[in-house]
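Everything on this sheet refers to the single structure shown next.
The values are calculated or read from the model by the stated rules, or taken from the named source; none is laboratory data. These numbers come from a predicted model, not from an experiment. Quick reminder, even Gly has a Cβ in these numbers, built from the backbone with ideal geometry, and neighbours come from all protein chains shown.
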Amino acid sequence: MIEVVRPGPLATVQDLGRPGHAHLGVPRSGAADERGLRLANRLVGNPEGAAGVEFTFGGAALRFHEHAWIAVTGAPVPLCVNGRECGTNAPCHVPEGALVEFGTPSSGLRSYLAVRGGVEAEQVLGSRSTDLLSGLGPAPLSSGDRLALGSSAGLVDIAVDFAPTPPLAETPVLRILPGPRDDWFTEDAMATLTSASYEVSPDSNRVGVRLNGPALTRARDGELGSEGMVTGSLQVPPNGLPIIFLADHPTTGGYPVVAVLESSAVNDAAQLRPGQHLRFRT
Amino acid sequence: MRVLRAGDAALLVETEDLATALRLNAALRDEGLPGVVDVVPGERTVLVMADTSADLDRLAARLPQLRLPADAADDADPVEVPVVYDGEDLDEVARLTGLSSDEVVRRHSAAFYTVAYLGFSPGFAYLTGLDPVLHVARRASPRTSVPVGSVAIAGPYAAVYPSRSPGGWRLLGRTGLRLWDETRDPPSLLRPGTRVRFVPEERS
(Lines give C-alpha, C1' and ligand atoms only; values in the text may rest on other atoms or scores of the structure.)
Protein backbone atom coordinates (compact mmCIF):
# COMPACT_ATOMS: atom_id res chain seq x y z
CA MET A 1 0.00 0.00 0.00
CA ILE A 2 1.16 3.53 -0.75
CA GLU A 3 0.25 6.47 1.46
CA VAL A 4 0.05 9.93 -0.04
CA VAL A 5 2.08 12.20 2.25
CA ARG A 6 1.53 15.16 -0.07
CA PRO A 7 0.12 15.09 -3.60
CA GLY A 8 1.82 18.19 -5.02
CA PRO A 9 -0.33 20.65 -7.01
CA LEU A 10 -2.44 17.90 -8.60
CA ALA A 11 -2.09 14.13 -8.60
CA THR A 12 -4.61 11.74 -10.15
CA VAL A 13 -4.86 8.02 -10.80
CA GLN A 14 -4.75 7.39 -14.55
CA ASP A 15 -4.81 4.47 -16.93
CA LEU A 16 -5.73 4.60 -20.61
CA GLY A 17 -9.24 5.91 -19.91
CA ARG A 18 -12.75 4.99 -21.03
CA PRO A 19 -12.87 4.57 -24.80
CA GLY A 20 -16.15 3.25 -26.18
CA HIS A 21 -18.49 5.45 -24.15
CA ALA A 22 -18.14 8.78 -25.96
CA HIS A 23 -21.64 8.47 -27.48
CA LEU A 24 -22.99 8.56 -23.92
CA GLY A 25 -21.19 11.82 -23.18
CA VAL A 26 -18.33 10.11 -21.34
CA PRO A 27 -14.93 11.72 -22.01
CA ARG A 28 -12.12 9.33 -22.80
CA SER A 29 -9.94 10.66 -19.98
CA GLY A 30 -6.83 8.59 -19.10
CA ALA A 31 -3.20 9.72 -18.92
CA ALA A 32 -2.83 13.10 -20.65
CA ASP A 33 0.61 12.02 -21.89
CA GLU A 34 -0.24 8.45 -22.75
CA ARG A 35 3.27 7.78 -24.04
CA GLY A 36 4.64 8.56 -20.59
CA LEU A 37 2.30 6.21 -18.75
CA ARG A 38 2.86 3.41 -21.26
CA LEU A 39 6.64 3.67 -20.91
CA ALA A 40 6.49 3.74 -17.11
CA ASN A 41 4.39 0.59 -17.13
CA ARG A 42 6.69 -1.21 -19.56
CA LEU A 43 9.69 -0.37 -17.40
CA VAL A 44 8.22 -2.25 -14.43
CA GLY A 45 6.83 -5.14 -16.49
CA ASN A 46 3.18 -4.05 -16.30
CA PRO A 47 0.70 -4.13 -19.15
CA GLU A 48 0.88 -0.67 -20.75
CA GLY A 49 -2.61 0.21 -19.60
CA ALA A 50 -2.12 -0.48 -15.89
CA ALA A 51 -3.17 2.38 -13.63
CA GLY A 52 -0.46 4.70 -12.36
CA VAL A 53 -0.35 8.20 -10.94
CA GLU A 54 -0.14 11.40 -12.98
CA PHE A 55 1.64 14.18 -11.09
CA THR A 56 1.34 17.79 -12.17
CA PHE A 57 4.45 19.90 -11.49
CA GLY A 58 5.92 17.23 -9.20
CA GLY A 59 6.06 18.22 -5.56
CA ALA A 60 4.60 14.98 -4.23
CA ALA A 61 5.75 12.65 -1.46
CA LEU A 62 4.62 9.04 -1.06
CA ARG A 63 5.27 6.56 1.75
CA PHE A 64 5.53 2.96 0.57
CA HIS A 65 4.20 0.57 3.21
CA GLU A 66 5.41 -2.39 1.20
CA HIS A 67 8.42 -2.78 -1.05
CA ALA A 68 7.81 -2.21 -4.74
CA TRP A 69 9.44 -1.59 -8.10
CA ILE A 70 8.57 1.78 -9.56
CA ALA A 71 9.38 3.85 -12.64
CA VAL A 72 8.81 7.55 -13.21
CA THR A 73 8.53 9.00 -16.71
CA GLY A 74 7.12 12.05 -18.49
CA ALA A 75 8.29 15.43 -17.25
CA PRO A 76 11.82 14.77 -15.92
CA VAL A 77 11.66 15.29 -12.20
CA PRO A 78 14.27 14.95 -9.41
CA LEU A 79 13.29 11.72 -7.65
CA CYS A 80 14.50 10.62 -4.22
CA VAL A 81 13.93 7.34 -2.39
CA ASN A 82 14.71 7.82 1.31
CA GLY A 83 16.75 10.86 0.36
CA ARG A 84 18.84 8.99 -2.17
CA GLU A 85 18.57 10.21 -5.73
CA CYS A 86 16.99 7.85 -8.24
CA GLY A 87 16.85 8.26 -12.02
CA THR A 88 13.70 8.70 -14.05
CA ASN A 89 12.88 6.55 -17.08
CA ALA A 90 14.36 3.62 -15.16
CA PRO A 91 13.02 0.93 -12.84
CA CYS A 92 13.88 1.67 -9.24
CA HIS A 93 13.43 -0.52 -6.17
CA VAL A 94 11.63 1.05 -3.18
CA PRO A 95 12.13 -0.71 0.16
CA GLU A 96 9.25 -1.15 2.59
CA GLY A 97 8.71 2.01 4.62
CA ALA A 98 10.59 4.24 2.21
CA LEU A 99 9.61 7.80 1.36
CA VAL A 100 9.55 8.63 -2.34
CA GLU A 101 9.81 12.36 -3.06
CA PHE A 102 9.30 14.25 -6.31
CA GLY A 103 11.00 17.59 -6.88
CA THR A 104 9.93 20.13 -9.49
CA PRO A 105 10.32 19.04 -13.10
CA SER A 106 13.09 20.82 -15.01
CA SER A 107 10.92 20.78 -18.11
CA GLY A 108 7.45 19.56 -18.96
CA LEU A 109 4.43 19.42 -16.70
CA ARG A 110 3.20 15.89 -16.02
CA SER A 111 5.21 13.01 -14.58
CA TYR A 112 3.97 9.43 -14.40
CA LEU A 113 4.54 6.88 -11.67
CA ALA A 114 4.05 3.23 -12.47
CA VAL A 115 4.30 0.64 -9.72
CA ARG A 116 4.85 -3.02 -10.54
CA GLY A 117 1.43 -4.64 -10.19
CA GLY A 118 -0.38 -1.37 -10.87
CA VAL A 119 -2.27 0.97 -8.59
CA GLU A 120 -5.67 -0.23 -7.40
CA ALA A 121 -8.67 2.07 -7.42
CA GLU A 122 -12.31 1.41 -8.08
CA GLN A 123 -13.07 0.95 -11.76
CA VAL A 124 -15.78 3.11 -13.29
CA LEU A 125 -16.87 2.04 -16.78
CA GLY A 126 -13.78 -0.12 -17.07
CA SER A 127 -11.24 2.51 -16.05
CA ARG A 128 -9.59 3.81 -12.88
CA SER A 129 -8.92 7.22 -14.42
CA THR A 130 -9.89 10.45 -12.69
CA ASP A 131 -11.90 12.56 -15.13
CA LEU A 132 -11.82 16.16 -13.95
CA LEU A 133 -14.52 17.29 -16.41
CA SER A 134 -17.22 14.73 -15.70
CA GLY A 135 -16.20 13.76 -12.16
CA LEU A 136 -16.03 10.06 -13.05
CA GLY A 137 -13.39 7.95 -11.34
CA PRO A 138 -11.53 8.50 -8.09
CA ALA A 139 -11.13 12.00 -6.65
CA PRO A 140 -7.74 13.67 -7.11
CA LEU A 141 -5.30 12.38 -4.50
CA SER A 142 -4.98 14.24 -1.23
CA SER A 143 -2.72 13.88 1.80
CA GLY A 144 -3.49 10.74 3.78
CA ASP A 145 -5.02 8.83 0.86
CA ARG A 146 -3.95 5.22 0.57
CA LEU A 147 -3.50 3.38 -2.70
CA ALA A 148 -3.51 -0.41 -2.76
CA LEU A 149 -1.14 -2.13 -5.15
CA GLY A 150 -2.14 -4.87 -7.55
CA SER A 151 -0.54 -8.28 -7.70
CA SER A 152 2.64 -8.73 -9.69
CA ALA A 153 1.95 -12.43 -10.22
CA GLY A 154 2.29 -13.38 -13.86
CA LEU A 155 4.00 -10.15 -14.93
CA VAL A 156 7.00 -10.31 -17.20
CA ASP A 157 10.41 -9.80 -15.60
CA ILE A 158 11.87 -6.34 -15.43
CA ALA A 159 14.35 -6.46 -18.26
CA VAL A 160 15.37 -2.90 -19.07
CA ASP A 161 17.62 -0.71 -16.90
CA PHE A 162 16.98 2.61 -18.56
CA ALA A 163 14.89 3.96 -21.43
CA PRO A 164 16.54 7.03 -22.96
CA THR A 165 13.94 9.53 -24.15
CA PRO A 166 14.56 12.71 -26.13
CA PRO A 167 14.49 15.87 -24.00
CA LEU A 168 11.31 17.96 -24.18
CA ALA A 169 11.75 20.90 -26.52
CA GLU A 170 11.92 24.37 -25.02
CA THR A 171 9.66 25.68 -27.79
CA PRO A 172 7.84 22.62 -29.10
CA VAL A 173 6.68 22.50 -32.69
CA LEU A 174 3.52 20.43 -32.80
CA ARG A 175 2.48 18.65 -36.01
CA ILE A 176 -1.08 19.38 -37.07
CA LEU A 177 -3.40 18.09 -39.75
CA PRO A 178 -6.08 20.33 -41.25
CA GLY A 179 -9.21 20.03 -39.14
CA PRO A 180 -12.64 18.98 -40.29
CA ARG A 181 -13.72 22.65 -40.16
CA ASP A 182 -10.65 24.37 -41.59
CA ASP A 183 -12.96 25.83 -44.27
CA TRP A 184 -14.59 27.93 -41.55
CA PHE A 185 -11.38 29.99 -41.37
CA THR A 186 -9.64 32.35 -43.73
CA GLU A 187 -6.48 31.32 -45.57
CA ASP A 188 -4.72 33.93 -43.47
CA ALA A 189 -5.86 32.13 -40.36
CA MET A 190 -4.18 28.89 -41.44
CA ALA A 191 -1.02 30.81 -42.33
CA THR A 192 -1.11 32.51 -38.94
CA LEU A 193 -1.62 29.24 -37.12
CA THR A 194 1.43 27.66 -38.74
CA SER A 195 3.74 30.65 -38.50
CA ALA A 196 2.96 32.48 -35.27
CA SER A 197 4.15 31.64 -31.79
CA TYR A 198 1.49 30.89 -29.17
CA GLU A 199 1.81 31.04 -25.42
CA VAL A 200 0.21 28.57 -23.01
CA SER A 201 -2.35 30.26 -20.80
CA PRO A 202 -2.35 29.60 -17.04
CA ASP A 203 -5.98 28.41 -17.12
CA SER A 204 -5.01 25.25 -19.00
CA ASN A 205 -5.82 21.88 -17.47
CA ARG A 206 -6.53 18.25 -18.37
CA VAL A 207 -9.52 19.36 -20.43
CA GLY A 208 -7.53 21.61 -22.69
CA VAL A 209 -4.49 23.79 -23.28
CA ARG A 210 -5.65 27.37 -23.74
CA LEU A 211 -3.45 29.54 -25.88
CA ASN A 212 -2.68 33.23 -26.14
CA GLY A 213 -1.47 34.67 -29.43
CA PRO A 214 -2.88 35.96 -32.69
CA ALA A 215 -6.60 35.27 -33.07
CA LEU A 216 -7.75 33.18 -36.02
CA THR A 217 -10.27 34.87 -38.28
CA ARG A 218 -13.34 33.06 -39.42
CA ALA A 219 -14.27 32.97 -43.08
CA ARG A 220 -17.95 32.53 -42.28
CA ASP A 221 -20.47 33.42 -39.62
CA GLY A 222 -23.13 31.24 -38.22
CA GLU A 223 -23.25 28.44 -35.76
CA LEU A 224 -21.92 24.96 -36.19
CA GLY A 225 -24.14 22.17 -34.93
CA SER A 226 -22.65 20.28 -32.00
CA GLU A 227 -20.38 17.51 -33.23
CA GLY A 228 -18.04 14.87 -31.85
CA MET A 229 -14.55 16.01 -30.88
CA VAL A 230 -11.29 14.07 -30.77
CA THR A 231 -8.38 14.54 -28.39
CA GLY A 232 -5.87 16.91 -29.99
CA SER A 233 -8.57 19.02 -31.67
CA LEU A 234 -7.77 22.73 -31.94
CA GLN A 235 -11.20 24.10 -31.20
CA VAL A 236 -11.65 27.81 -31.85
CA PRO A 237 -14.21 29.68 -29.73
CA PRO A 238 -15.50 33.11 -30.83
CA ASN A 239 -12.45 34.92 -29.40
CA GLY A 240 -10.36 33.23 -32.12
CA LEU A 241 -7.83 31.67 -29.72
CA PRO A 242 -7.45 27.93 -30.21
CA ILE A 243 -7.83 25.44 -27.35
CA ILE A 244 -6.02 22.11 -27.67
CA PHE A 245 -8.28 19.37 -26.32
CA LEU A 246 -6.58 16.96 -23.93
CA ALA A 247 -7.79 13.73 -22.29
CA ASP A 248 -10.76 15.10 -20.31
CA HIS A 249 -12.21 17.16 -23.18
CA PRO A 250 -15.99 17.14 -23.71
CA THR A 251 -17.22 14.53 -26.18
CA THR A 252 -19.09 17.04 -28.33
CA GLY A 253 -18.64 20.73 -29.02
CA GLY A 254 -20.14 23.49 -31.10
CA TYR A 255 -17.07 25.51 -32.07
CA PRO A 256 -15.22 24.72 -35.28
CA VAL A 257 -12.05 22.63 -35.18
CA VAL A 258 -9.44 24.33 -37.36
CA ALA A 259 -6.82 21.59 -37.05
CA VAL A 260 -6.07 18.40 -35.17
CA LEU A 261 -2.73 17.43 -33.65
CA GLU A 262 -1.06 14.31 -34.92
CA SER A 263 -1.73 11.60 -32.35
CA SER A 264 1.85 11.53 -31.07
CA ALA A 265 1.89 15.34 -30.64
CA VAL A 266 -0.93 15.08 -28.09
CA ASN A 267 1.64 13.70 -25.65
CA ASP A 268 3.85 16.74 -26.22
CA ALA A 269 0.88 19.08 -25.80
CA ALA A 270 0.17 17.44 -22.42
CA GLN A 271 3.65 18.50 -21.30
CA LEU A 272 3.19 22.21 -22.09
CA ARG A 273 3.58 24.52 -19.11
CA PRO A 274 1.76 27.77 -18.52
CA GLY A 275 3.80 30.57 -20.08
CA GLN A 276 5.64 28.26 -22.44
CA HIS A 277 5.73 29.11 -26.15
CA LEU A 278 4.93 26.71 -28.96
CA ARG A 279 4.43 26.58 -32.69
CA PHE A 280 2.39 24.47 -35.06
CA ARG A 281 3.40 23.09 -38.41
CA THR A 282 1.65 20.93 -40.96
CA MET B 1 -22.68 12.17 -47.10
CA ARG B 2 -19.28 13.86 -46.85
CA VAL B 3 -16.39 12.19 -45.05
CA LEU B 4 -13.92 14.59 -43.42
CA ARG B 5 -10.69 13.87 -41.58
CA ALA B 6 -10.52 14.60 -37.88
CA GLY B 7 -6.83 13.99 -37.31
CA ASP B 8 -4.97 10.76 -38.05
CA ALA B 9 -7.33 8.46 -36.17
CA ALA B 10 -10.87 9.67 -36.79
CA LEU B 11 -13.34 10.56 -39.52
CA LEU B 12 -16.15 13.07 -39.24
CA VAL B 13 -19.06 12.14 -41.48
CA GLU B 14 -21.40 14.96 -42.42
CA THR B 15 -24.96 13.89 -43.11
CA GLU B 16 -27.81 15.86 -44.64
CA ASP B 17 -29.82 15.75 -41.42
CA LEU B 18 -30.10 14.34 -37.93
CA ALA B 19 -32.19 11.34 -38.99
CA THR B 20 -29.43 10.21 -41.38
CA ALA B 21 -26.80 10.73 -38.67
CA LEU B 22 -28.79 8.46 -36.35
CA ARG B 23 -29.24 5.86 -39.08
CA LEU B 24 -25.50 5.88 -39.83
CA ASN B 25 -24.80 5.60 -36.10
CA ALA B 26 -27.11 2.58 -35.89
CA ALA B 27 -25.49 0.96 -38.93
CA LEU B 28 -21.99 1.45 -37.50
CA ARG B 29 -23.00 -0.07 -34.18
CA ASP B 30 -24.53 -3.08 -35.93
CA GLU B 31 -21.61 -3.53 -38.26
CA GLY B 32 -18.86 -3.41 -35.62
CA LEU B 33 -16.18 -2.44 -38.14
CA PRO B 34 -12.69 -3.57 -37.09
CA GLY B 35 -10.57 -0.85 -35.48
CA VAL B 36 -13.52 1.42 -34.69
CA VAL B 37 -13.36 2.45 -31.04
CA ASP B 38 -16.06 5.10 -30.67
CA VAL B 39 -18.99 6.28 -32.78
CA VAL B 40 -20.35 9.68 -31.72
CA PRO B 41 -23.39 11.18 -33.39
CA GLY B 42 -23.83 14.96 -33.43
CA GLU B 43 -26.51 17.23 -34.84
CA ARG B 44 -25.72 16.45 -38.48
CA THR B 45 -22.55 14.41 -38.12
CA VAL B 46 -21.17 11.11 -36.93
CA LEU B 47 -17.63 11.02 -35.57
CA VAL B 48 -15.94 7.66 -36.11
CA MET B 49 -12.89 7.19 -33.92
CA ALA B 50 -10.49 4.41 -34.79
CA ASP B 51 -7.51 2.86 -33.06
CA THR B 52 -4.05 3.24 -34.54
CA SER B 53 -4.28 -0.12 -36.30
CA ALA B 54 -7.16 0.98 -38.52
CA ASP B 55 -6.67 2.00 -42.15
CA LEU B 56 -8.50 5.34 -42.32
CA ASP B 57 -8.59 5.43 -46.12
CA ARG B 58 -10.29 2.06 -46.26
CA LEU B 59 -12.66 3.06 -43.50
CA ALA B 60 -13.49 6.32 -45.32
CA ALA B 61 -14.25 4.37 -48.49
CA ARG B 62 -16.36 1.89 -46.60
CA LEU B 63 -18.62 4.35 -44.78
CA PRO B 64 -20.69 5.61 -47.75
CA GLN B 65 -21.33 1.97 -48.72
CA LEU B 66 -22.90 0.97 -45.42
CA ARG B 67 -26.52 -0.06 -45.65
CA LEU B 68 -28.45 2.27 -43.41
CA PRO B 69 -31.51 1.02 -41.57
CA ALA B 70 -34.76 2.64 -42.70
CA ASP B 71 -35.38 4.15 -39.30
CA ALA B 72 -32.84 4.49 -36.52
CA ALA B 73 -35.31 5.20 -33.75
CA ASP B 74 -35.44 2.54 -31.11
CA ASP B 75 -38.14 -0.06 -31.73
CA ALA B 76 -38.59 -0.25 -27.99
CA ASP B 77 -41.42 1.62 -26.29
CA PRO B 78 -40.49 5.20 -25.49
CA VAL B 79 -38.82 5.84 -22.15
CA GLU B 80 -41.47 7.52 -20.00
CA VAL B 81 -40.07 10.24 -17.78
CA PRO B 82 -42.43 11.15 -14.93
CA VAL B 83 -42.21 14.90 -14.27
CA VAL B 84 -43.35 17.08 -11.42
CA TYR B 85 -43.75 20.42 -13.20
CA ASP B 86 -42.69 22.83 -10.49
CA GLY B 87 -39.49 24.13 -12.10
CA GLU B 88 -38.04 27.50 -11.17
CA ASP B 89 -38.25 28.80 -14.73
CA LEU B 90 -41.74 27.55 -15.60
CA ASP B 91 -43.37 30.95 -15.06
CA GLU B 92 -40.64 32.69 -17.03
CA VAL B 93 -41.01 30.30 -19.94
CA ALA B 94 -44.75 31.00 -19.84
CA ARG B 95 -44.04 34.73 -19.99
CA LEU B 96 -41.47 34.36 -22.78
CA THR B 97 -43.81 32.24 -24.91
CA GLY B 98 -47.01 34.09 -24.06
CA LEU B 99 -48.59 30.87 -22.86
CA SER B 100 -50.03 29.96 -19.48
CA SER B 101 -47.89 27.69 -17.28
CA ASP B 102 -50.45 24.94 -17.75
CA GLU B 103 -50.17 25.28 -21.51
CA VAL B 104 -46.36 25.09 -21.33
CA VAL B 105 -46.71 21.85 -19.37
CA ARG B 106 -49.33 20.52 -21.76
CA ARG B 107 -47.19 21.20 -24.82
CA HIS B 108 -44.01 19.88 -23.20
CA SER B 109 -45.68 16.63 -22.19
CA ALA B 110 -47.64 16.21 -25.43
CA ALA B 111 -44.60 15.95 -27.70
CA PHE B 112 -42.74 12.82 -28.86
CA TYR B 113 -39.00 13.17 -28.41
CA THR B 114 -35.98 11.40 -29.84
CA VAL B 115 -32.45 11.51 -28.44
CA ALA B 116 -30.35 13.31 -31.04
CA TYR B 117 -26.99 12.94 -29.33
CA LEU B 118 -25.37 13.07 -25.90
CA GLY B 119 -22.76 15.50 -24.65
CA PHE B 120 -22.09 18.15 -22.02
CA SER B 121 -21.94 15.53 -19.26
CA PRO B 122 -22.27 11.73 -19.03
CA GLY B 123 -25.85 10.77 -19.85
CA PHE B 124 -26.93 14.30 -20.88
CA ALA B 125 -29.16 13.67 -23.90
CA TYR B 126 -30.25 16.38 -26.33
CA LEU B 127 -33.87 15.56 -27.17
CA THR B 128 -35.42 16.76 -30.41
CA GLY B 129 -39.15 17.08 -30.91
CA LEU B 130 -39.79 20.06 -28.64
CA ASP B 131 -42.84 22.10 -29.66
CA PRO B 132 -41.44 25.08 -31.65
CA VAL B 133 -43.50 27.45 -29.52
CA LEU B 134 -41.36 26.37 -26.56
CA HIS B 135 -38.03 27.22 -28.22
CA VAL B 136 -36.59 29.78 -25.79
CA ALA B 137 -33.01 30.92 -25.39
CA ARG B 138 -30.99 29.64 -22.46
CA ARG B 139 -30.68 31.84 -19.39
CA ALA B 140 -28.40 34.85 -19.69
CA SER B 141 -26.42 33.67 -16.68
CA PRO B 142 -26.12 29.93 -16.07
CA ARG B 143 -26.83 28.47 -12.64
CA THR B 144 -23.73 27.22 -10.89
CA SER B 145 -25.58 24.11 -9.77
CA VAL B 146 -28.63 22.49 -11.34
CA PRO B 147 -30.07 19.59 -9.29
CA VAL B 148 -29.98 16.04 -10.65
CA GLY B 149 -33.23 15.11 -12.42
CA SER B 150 -34.05 18.67 -13.52
CA VAL B 151 -36.24 18.66 -16.63
CA ALA B 152 -35.21 21.57 -18.82
CA ILE B 153 -35.42 23.18 -22.25
CA ALA B 154 -33.14 25.46 -24.29
CA GLY B 155 -33.32 26.40 -27.96
CA PRO B 156 -34.80 23.51 -29.95
CA TYR B 157 -33.89 20.91 -27.30
CA ALA B 158 -35.32 19.31 -24.19
CA ALA B 159 -33.19 17.46 -21.64
CA VAL B 160 -33.01 15.97 -18.19
CA TYR B 161 -29.92 16.76 -16.10
CA PRO B 162 -28.50 13.29 -15.34
CA SER B 163 -26.30 14.60 -12.53
CA ARG B 164 -25.84 17.81 -10.57
CA SER B 165 -23.94 20.25 -12.73
CA PRO B 166 -23.77 23.90 -13.73
CA GLY B 167 -26.29 24.74 -16.43
CA GLY B 168 -28.06 27.50 -18.30
CA TRP B 169 -31.18 25.68 -19.46
CA ARG B 170 -34.69 26.73 -18.33
CA LEU B 171 -36.00 24.40 -15.63
CA LEU B 172 -39.59 23.24 -16.08
CA GLY B 173 -39.70 20.48 -13.49
CA ARG B 174 -37.98 17.46 -12.03
CA THR B 175 -38.02 13.69 -12.28
CA GLY B 176 -37.05 10.95 -9.87
CA LEU B 177 -36.14 8.67 -12.77
CA ARG B 178 -32.45 7.81 -12.64
CA LEU B 179 -31.04 8.56 -16.08
CA TRP B 180 -27.42 7.87 -15.30
CA ASP B 181 -26.04 5.06 -13.18
CA GLU B 182 -22.43 4.13 -13.79
CA THR B 183 -22.95 0.68 -12.25
CA ARG B 184 -25.67 -0.11 -14.82
CA ASP B 185 -24.89 -1.48 -18.29
CA PRO B 186 -25.39 0.62 -20.28
CA PRO B 187 -25.01 3.38 -17.70
CA SER B 188 -27.24 5.81 -19.59
CA LEU B 189 -30.97 5.18 -19.91
CA LEU B 190 -30.98 7.44 -22.97
CA ARG B 191 -28.87 6.70 -26.02
CA PRO B 192 -28.80 8.20 -29.51
CA GLY B 193 -32.12 7.30 -31.15
CA THR B 194 -34.00 6.51 -27.91
CA ARG B 195 -37.57 7.81 -27.93
CA VAL B 196 -38.79 9.70 -24.90
CA ARG B 197 -42.06 11.02 -23.48
CA PHE B 198 -42.63 13.25 -20.47
CA VAL B 199 -45.55 12.27 -18.25
CA PRO B 200 -46.95 14.84 -15.79
CA GLU B 201 -47.01 13.64 -12.22
CA GLU B 202 -48.77 15.10 -9.19
CA ARG B 203 -46.65 17.25 -6.93
CA SER B 204 -44.81 15.21 -4.32
message = So if I check each of B:Arg5, B:Arg67, which one is within 14 Å of chain A (Cβ to nearest Cβ), touching a residue at least 24 places away in the same chain (Cβ under 8 Å) and among the charged types (D, E, K, R)?
response = B:Arg5
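Matching residues to (1) over 23 Å from the mean Cα position of the chain (by Cα); (2) more than 30 Å from A:Ser134 (Cα to Cα):
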| site | (1), (2) |
| --- | --- |
| A:Leu177 | no, no |
| A:Thr186 | yes, yes |
| A:Thr192 | yes, yes |
| A:Asp203 | no, no |
| A:Pro214 | yes, yes |
| A:Gly222 | yes, no |
ask   = Can you tell me which of B:Val151, B:Val199, B:Val146 is under 14 Å from the mean Cα position of the chain (by Cα), hydrophobic (A, V, I, L, M, F, W, C) and away from every other protein chain (no Cβ under 11 Å)?
value = B:Val151
request  = Spot the failing condition for A:Glu48; the list is (1) surrounded by fewer than 18 Cβ atoms within 10 Å (Cβ to Cβ); (2) in contact (Cβ under 8 Å) with a residue 60 or more places away in the chain; (3) within 14 Å of another protein chain (Cβ to nearest Cβ), and only one is missed.
outcome  = (2)
task = Quickly run through segment B:18-38 and pick out the residues that are more than 7 Å from chain A (Cβ to nearest Cβ) and in contact with a His (Cβ under 8 Å, 6 or more places away or on another chain).
result = B:Asn25
task = Please list, ordered by first then second residue, the pairs with beta carbon atoms under 6 Å, 6 or more apart or interchain, first in segment A:144-163 and closer than 16 Å to A:His65 by Cβ, second of a type outside the set (Lys, Arg) and outside any loop (DSSP other than H, G, I, E, B).
result = A:Asp145/A:Val4; A:Arg146/A:Glu3; A:Leu147/A:Ile2; A:Leu147/A:Val119; A:Ala148/A:Glu120; A:Leu149/A:Val115; A:Gly150/A:Glu120
query = For segment A:172-282, which fully contained strands (runs of 3 or more DSSP E) count at least 1 residues that are modelled with pLDDT of 95 or more and more than 12 Å from chain B (Cβ to nearest Cβ)?
reply = A:173-178, A:198-200, A:208-212, A:243-245, A:277-281
A:Leu147 under 28 Å from A:Val5 (Cβ atoms) and assigned to a loop (DSSP other than H, G, I, E, B) = no
remark   = Of B:Tyr85, B:Tyr126, the only residue that is within 14 Å of chain A (Cβ to nearest Cβ) and among the hydroxyl-bearing types (Ser, Thr, Tyr) is B:Tyr126
message = One residue is enough: does segment A:53-69 have a residue meeting the conditions more than 14 Å from chain B (Cβ to nearest Cβ), of a type in the set (Phe, Trp, Tyr) and touching an Asp or Glu at 6+ places or on another chain (Cβ under 8 Å)?
response = yes
ask   = Of all residues in segment A:1-30, which are of a type in the set (A, V, I, L, M, F, W, C), buried (at least 24 other Cβ atoms within 10 Å of the Cβ) and not in a strand (DSSP E or B)?
value = A:Ala22, A:Leu24, A:Val26
request  = Scan segment B:39-58 and give yes if some residue there is β-branched (Val, Ile, Thr) and in contact (Cβ under 8 Å) with a residue 60 or more places away in the chain, otherwise no.
outcome  = yes
ask   = All but one of (1) more than 16 Å from A:Ala11 (Cα to Cα); (2) surrounded by fewer than 24 Cβ atoms within 10 Å (Cβ to Cβ); (3) in contact with a Ser or Thr (Cβ under 8 Å, 6 or more places away or on another chain) hold for A:Arg42; which doesn't?
value = (3)
remark   = (1) more than 27 Å from A:Arg273 (Cα to Cα); (2) in the same structural domain as A:Val44 (by TED's automatic domain parsing); (3) of a type outside the set (S, T, N, Q) all hold for A:Asp131 apart from (1)
ask   = What residue, of A:Pro164, A:Pro202, A:Pro178, is out of contact with any Cys (no Cβ under 6 Å at 6 or more places or on another chain) and not assigned by TED's automatic domain parsing to the domain that holds A:Pro242?
value = A:Pro164
task = Evaluate segment A:195-214: report whether one residue or more is on the phi > 0 side of the Ramachandran plot, surrounded by fewer than 16 Cβ atoms within 10 Å (Cβ to Cβ) and out of contact with any helix residue (DSSP H, G or I) (no Cβ under 6 Å at 6 or more places or on another chain).
result = no
remark   = A careful count of residues in segment B:73-109 that are small (Gly, Ala, Ser) and either in contact with a Leu (Cβ under 8 Å, 6 or more places away or on another chain) or within 19 Å of B:Arg174 (Cβ to Cβ) (or both) gives 5
remark   = Residue pairs within 8 Å by beta carbon, gap of at least six or interchain, first lying in segment B:176-204 and farther than 19 Å from B:Ala116 by Cα, second charged (D, E, K, R) and not in a strand (DSSP E or B), listed first then second, are B:Arg203/B:Asp86
note = Condition set surrounded by 19 or more Cβ atoms within 10 Å (Cβ to Cβ) and either assigned to a loop (DSSP other than H, G, I, E, B) or over 17 Å from the mean Cα position of the chain (by Cα) (or both), scope segment B:39-62, selection farthest from the other protein chains (Cβ to nearest Cβ): answer is B:Ala54
